[in-house]
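> Let me give you the structure first, and then I'll get to my questions.
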Amino acid sequence: MEALSVPLISLQNFSTLNNNLPFRNHQILSAIDKCSSSKQLKEVHARMLRTGLFFDPFSASKLFTASALSSFSTLDYARNVFDQIPQANLYTWNILIRAYASSSDPFQSFVIFLDLLDKCEDLPNNFTFPFVIKAASELKASRVGTAVHGMAIKLSFGMDLYILNSLVRFYGACGDLSMAERLFKGISCKDVVSWNSMISAFAQGNCPEDALELFLKMERENVMPNSVTMVCVLSACAKKLDLEFGRWVCSYIERKGIKMDLTLRNAMLDMYTKCGSVDDAQKLFDEMPERDVFSWTIMLDGYAKMGDYDAARGVFNAMPVKEIAAWNVLISAYEQNGKPKEALAIFNELQLSKIAKPDEVTLVSTLSACAQLGAIDLGGWIHVYIKREGIDLNCHLISSLVDMYAKCGALEKALEVFYSVEERDVYVWSAMIAGLGMHGRGKAAIDLFFEMQEAKVKPNSVTFTNVLCACSHTGLVDEGRVFFHEMEPVYGVVPETKHYACMVDILGRAGFLEEAMELINEMSITPSASVWGALLGACSLHMNVELGELASDQLLKLEPRNHGAIVLLSNIYAKTGRWEKVSELRKLMRDTELKKEPGCSSIEVNGNVHEFLVGDNLHPLSSNIYSKLDDIATKLKPVGYEPNKSHLLQLIEEDDLKEQALSLHSEKLAIAFGLVSLAPSQPIRVVKNLRICGDCHEFAKLVSRVYDRDILLRDRYRFHHFRDGHCSCMDYW
DNA sequence: GCACCCATGC
């Protein structure tokens, strides 16, 4: 800013200097073109102020253009230069609008545009509109953009090719594809940009088929595509997951000799990885003459999404620049593939490395990993971090926080976050409804659903899944029936298989097995494995052999390796005393090497997540845990605790073995560890990967009473809040 | 009295 402290030279001086101007003029003005740093630019600026050349409008606008558009300059500085120009002309105004339109704050383009209308002696021209419309596209500001469109027509620019092209992009960006297409069709002499804009609008607007069709039409009309066209076409292939066509496009590019630049190569990489051919991508990547952060991120994402974490890690380690996006790819890949611990490990590494700063995407993925693990300490820390860093609490983050707190058993905290914000979108409402539902507060969940209607937020498919789940957890059969039957006619949400699965669960659990079966028979879509799974679960609960066999048959047809189906069916046989069937199934499981998913419980203590498997003694404090279990057994006997053997799968013969196995269920280990290591005032929060068994449920109830401790246990389906010998699920689960 | 524009990838 030192340039600005140079005293302004009066206009009088300027006229005396003017004699020498032709020479100086040329020298200084060519110095502007040679600038390659903001320091140099400021020096020229100072010289122009000293010599008075700055007061020549053309020279000033040349300096201003360099300050507004060159990569080394900042917009704030350009704004300063602009404000010093005594009489800005339309050209200068246009440059300022243009600079803001492609900046991080395109809204400023609107502000400047209004200023222009107010202060500039000329009306906006054919150059002004493309910039303002570009800003509207960036912001998806459909009303402002439409108004600007109208204004352009009034000023008789309605047929300007540049303006029409930018309008095609604008309407496309706003999701109004039919308007974009109408304008496109009305362009009398379309150039390649017109085609590109329309193809891009289709590709970005979830209509990749239309994008490819338009490209073929362009080809038929002998319009030569350029590299931008091909980027859009490849993007459409990636969206359509059409590897075959994608490969054809790559060979087409070569055949037609279309210039291959970095962007186009990245688009090819992206198409290959999205369409599932990381090998093709790797081959291309290896041959690339230059790579940027996108090339690296695409490869990283490709490997991470297909679950090849070693390869992904290899790419990550080799990356020259590790932007936050790269960290996010790794974290979200782990989180979305059921590896929350690994996700948190990466987050930890990110924190320690201090190379990049977590952004909203990082926090959303990390919160979701915390939710999966029940890691409330870290989740709460992230909440504090968000507040401390002043990160904007948008709906996405709010729903993640609500979900995290609810899944970590802190329903009150979830409600607190929920009610602390003003703006709630459908996902925030849905997350809260789900939270109430999983904690057995079905009535409250339903109340919230109606509160959501009053807030004029339209429920979607997710909302209905959560409402129906809430009904199922609390046994609200009549309410469930009403929601299910109203969702399409009243709310316009078409039931999907997941809704049918919920409804079958609601009916089945409550014993309406025939009605559940009728519902399945009436389905217009093919029942999924989860639908049959819900029916099978209900049959196991109500010991219905006939329907249970049918359900497990159907389930195994869809998922031949689903051990859960066999386990449930064997439970039905065991409970009804059909031992020969039980041993048949046992043999089947042995022969097909189907392994039961091992039960695993985790508990967070001081920010560390500890995991326990059935009967494991790997924990460093193992001996303390086992003596605590002995202590519990002694204290529970007098209050009537008897290990209930029928809850065990009939896969262990010896009775004493059964009892031993029961006492060693992972949730018992976790609860014992909680008693050993947490302060008496702290609730014991346990997350279990499978459904809790009846024996452990009874065990937890009694521990909560005898030790006067709150135990919050989340199993695969819901929460059990044990307090004073009772459970929040009211034994309905 | 000059000149500036539209379309591309995570």
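The values are calculated or read from the model by the stated rules, or taken from the named source; none is laboratory data. Note that the structure is predicted; figures quoted are calculated from it, not measured. Glycine also receives a Cβ, built like all others from the backbone with ideal geometry; neighbour counts cover every protein chain displayed. Accessible surface is based on the protein model in full, side chains and every heavy atom, while ligands, DNA and RNA are left aside. Shrake-Rupley method; radii C 1.70, N 1.55, O 1.52, S 1.80 Å.
> Given the conditions (1) near DNA strand B (Cβ under 9 Å from one of its atoms); (2) surrounded by fewer than 22 Cβ atoms within 10 Å (Cβ to Cβ), which single one is not true for A:F157?
(1)
> How many residues are near DNA strand B (Cβ under 10 Å from one of its atoms), of a type in the set (G, A, S) and open to solvent by less than 30 Å² (accessible area, probe 1.4 Å) if we restrict to segment A:303-339?
Filtering segment A:303-339 down to residues near DNA strand B (Cβ under 10 Å from one of its atoms) leaves A:305, A:323-326, A:328-329.
From what is left, the residues that are of a type in the set (G, A, S) are A:325-326.
Pick out the ones that are also open to solvent by less than 30 Å² (accessible area, probe 1.4 Å) and you get A:326.
Going through segment A:303-339 one residue at a time, the tally reaches 1.
> While we're looking at this one, here's another question. Quick check, is A:L558 touching a residue at least 12 places away in the same chain (Cβ under 8 Å), crowded, with 21+ Cβ neighbours inside 10 Å and in the same structural domain as A:R590 (by TED's automatic domain parsing)?
In short, no.
> Do we have any residue at all in segment A:134-147 that's within 22 Å of A:N89 (Cβ to Cβ) and touching a residue at least 12 places away in the same chain (Cβ under 8 Å)?
yes
> Out of curiosity, is A:T146 away from DNA strand B (no atom under 15 Å from the Cβ), β-branched (V, I, T) and at pLDDT below 95?
The answer is no for A:T146.
> A follow-up question, please. Just the residues that are of a type in the set (G, A, S), open to solvent by less than 60 Å² (accessible area, probe 1.4 Å) and without any contact (Cβ under 8 Å) to a residue 40 or more places away in the chain, please, taken from segment A:391-425. Show your work before the answer.
Start the filter on segment A:391-425 by keeping residues that are of a type in the set (G, A, S), which leaves A:399-400, A:406, A:409-410, A:414, A:420.
Retained after the next criterion (residues that are open to solvent by less than 60 Å² (accessible area, probe 1.4 Å)): A:399-400, A:406, A:409-410, A:414.
Selection gives A:S399, A:S400, A:A406, A:A410, A:A414.
> Just checking, which of A:R143, A:R169, A:R98 is of a type outside the set (S, T, N, Q) and under 30 Å from A:H45 (Cα atoms)?
Every option except A:R98 fails the conditions.
> Go through segment A:288-302 and count every residue that is open to solvent by 30 Å² or more (accessible area, probe 1.4 Å) and more than 9 Å from DNA strand B (Cβ to nearest atom).
4
> Could you give every pair whose Cβ atoms fall below 6 Å, whose first residue belongs to segment A:427-444 and is more than 15 Å from A:C395 (Cβ to Cβ), and whose second residue is among the charged types (D, E, K, R) and surrounded by fewer than 24 Cβ atoms within 10 Å (Cβ to Cβ), counting only separations of at least 6 or pairs across chains?
A:M438/A:R718
> Residue pairs, Cβ under 9 Å, 6 or more apart or interchain, first in segment A:376-390 and in contact (Cβ under 8 Å) with a residue 40 or more places away in the chain, second open to solvent by less than 20 Å² (accessible area, probe 1.4 Å) and aromatic (F, W, Y). List them.
Short answer, once both residue conditions are applied: A:I376/A:Y405; A:L378/A:F347.
> May I ask you to say which residue of A:G435, A:G475, A:G440 is under 26 Å from A:A516 (Cβ atoms) and buried (at least 22 other Cβ atoms within 10 Å of the Cβ)?
When all the criteria are applied, what remains is A:G440.
> In segment A:261-287, how many residues are more than 11 Å from DNA strand B (Cβ to nearest atom) and surrounded by 15 or more Cβ atoms within 10 Å (Cβ to Cβ)?
Here the count works out to 9.
> Could you check A:H563 against (1) under 13 Å from A:M517 (Cα atoms); (2) out of contact with any Gly (no Cβ under 9 Å at 6 or more places or on another chain) and say which number it fails?
(1)
> Here is a further query. How many residues are within 13 Å of DNA strand B (Cβ to nearest atom) and open to solvent by 60 Å² or more (accessible area, probe 1.4 Å) when one looks only at segment A:203-221?
Qualifying residue count, segment A:203-221: 2.
> Continuing with the same structure: Of the residues A:E518, A:E597, which is under 19 Å from A:V477 (Cβ atoms) and open to solvent by 20 Å² or more (accessible area, probe 1.4 Å)?
Among A:E518, A:E597, only A:E518 is under 19 Å from A:V477 (Cβ atoms) and open to solvent by 20 Å² or more (accessible area, probe 1.4 Å).
> Working only within segment A:222-240, note down all residues that are out of contact with any Phe, Trp or Tyr (no Cβ under 9 Å at 6 or more places or on another chain) and either more than 8 Å from DNA strand B (Cβ to nearest atom) or in a helix (DSSP H, G or I) (or both).
Passing the criteria: A:N222, A:M224, A:S227, A:V228, A:V231, A:L234, A:S235, A:K239, A:K240.
> Next question. Using beta carbons and a limit of 6 Å, which pairs, at least six apart or on different chains, have the first residue in segment A:517-539 and closer than 16 Å to A:N571 by Cβ and the second one of a type in the set (S, T, Y)?
Taking only residues 6 or more apart or on different chains, the pairs are A:L536/A:S552.
> When segment A:286-314 is examined, which residues are found to be farther than 15 Å from A:A326 by Cβ and in a helix (DSSP H, G or I)? Quick ask: steps written out before the conclusion?
So in segment A:286-314, the residues farther than 15 Å from A:A326 by Cβ come out as A:286-290, A:306-308, A:310.
Those that are farther than 15 Å from A:A326 by Cβ and in a helix (DSSP H, G or I): A:D286, A:E287, A:D310.
> From the set of residues in segment A:172-189 that are in contact with a Gly (Cβ under 8 Å, 6 or more places away or on another chain) and in a helix (DSSP H, G or I), which is nearest to DNA strand B (Cβ to nearest atom)?
Of everything passing the filter in segment A:172-189, A:G172 is nearest to DNA strand B (Cβ to nearest atom).
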